[in-house]
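Worksheet: one structure, shown below.
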Amino acid sequence: MTTARIENPRLSLLKENLQAVIYGKTDSIDVVIVALLAGGSVLIEDVPGVGKTTLAKALAKSLDAKFCRIQFTPDLLPADILGSSIYNPVNGEFRFEPGPIFCNILLADEINRASPRTQSALLEAMNESQATIEGQRHVLPQPFLVIATENPLEFQGTYPLPEAQLDRFLVRLGIGYPAADVEVDILKSHARAQPLEKIESVLTLEQVCQIQQEVAGIHVDDSILEYIVEIVHATRHDNRLQLGISTRGTLMMSRAARAHAYYEGRDHVIPDDVLWCVPHVLPHRMILTSKTRYGGTTAKQILTDIIGRIKVPV
């Protein structure tokens, strides 16, 4: 196969923008950019104060995108997210008032604090970029990306995300605490000004949509597709798992692998793209048996075992 380099310097500028506000977390930034290129949503699970909200805001400013933030609370209702019809007594008609979901980048902050009913209001939007409200179909602005955050340690007043919703997130990641020397740099930078205020747009929304179309056209050889399917099917027959990867997960892996290949400047997917995506795209779609979970084995460890048994295509 003839290899063609895909040069897109604007993606480098986007990465520099995000690195200017999230210090020392290049891997997490790469995952978020790949999710954007693939048109998938992101779930960030980490402790408070490590930059989850800042990362979402920096991404929106870098794209000059419409940004909305919803603080999820137990009393939040689906209409608070989607919008509702308001009666106008003057003309006797109902007028639809769009909710905050009608944006380009939606930050669902502490998503696990809302009830399952409210959480489910995002399912259609995350999967189909549309919302059905009072029987009417409303197409969301493009590009559309949900960045949801949750605190993994505090369980009081929280609801676990249902499997159907977890399966709709393209990637799940944690940012983690910065290293000591990096945290010193953070203190210095914030003493002068807020780095987020200096962020300037480096991509237009039209350019992002164009890139997403180009990503969809990245070539994936049949041997790579078979490799992805073999990994997925192995999870469905592993006795350590109560539930393996869904067909949606297979499709998400293919999208993410294409996006990573594009991000790396290639016009086709190689096995390394698949292996890079595995720890970000697959673990949150798997349900471990009680015995496995209490034994201390993680989903990522099971995936490592599975990949070690499967022949990598050449």
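Just so it is clear, none of the values below were taken in a lab; they were calculated from the coordinates. This is a predicted model, so every value here is computed, not measured. Because the Cβ atoms are built from the backbone with ideal geometry, glycine has one as well, and the counts that use them run over all protein chains shown.
Some points to look at:
- DSSP-defined antiparallel bridges as percent of all bridges, the chain, nearest 5: 40 percent
- Look at the alpha carbon pairs under 8 Å that are at least 6 residues apart: their mean separation over the length of segment 77-220 gives a relative contact order of 21 percent.
- Length released on extending from HIS237 to GLU97, taking residue separation times 0.36 nm less the Cα-Cα span: 45.6 nm
- Label-point separation, GLN19 to LEU187 (7 Å along Cα→Cβ), nm: 2.4 nm
- A simple spin-label model places the labels of GLU128 and LEU77 2.4 nm from each other, with each point 7 Å out along Cα-to-Cβ.
- The H on the amide N of LEU288, modeled in the peptide plane, is under 5 Å from the matching H of GLN242, each at least 5 residues off or on a different chain.
- Förster radius 30 Å - calculated FRET efficiency between GLN301 and SER12 (Cβ-Cβ, nearest 0.05): 0.30
- For the chain, modelled as a GNM whose springs connect Cα atoms under 10 angstrom apart, the maximal fluctuation among ASN127, ASN88, ASN112 occurs at ASN88.
- Relative contact order of the chain, pairs being alpha-carbon contacts under 8 Å that are 6 or more residues apart, as %: 23 percent
- Contact order normalised by residue count of segment 218-314, Cα under 8 Å, 6+ apart, percent: 35 percent
- Estimated translational D of segment 218-314 in µm²/s (Stokes, Kirkwood radius over Cα pairs; 10 °C; 1.306 mPa s): 117 µm²/s
- Compactness of segment 114-182 as Cα Rg over 2.2 N^0.38 Å, two decimals: 1.40
- Full-stretch length increase - GLU226, ILE86 - with 0.36 nm per residue and alpha-carbon distance subtracted: 45.3 nm
- GNM top mover of ARG258, ARG117, ARG266 - the chain, alpha-carbon springs below 10 Å: ARG117
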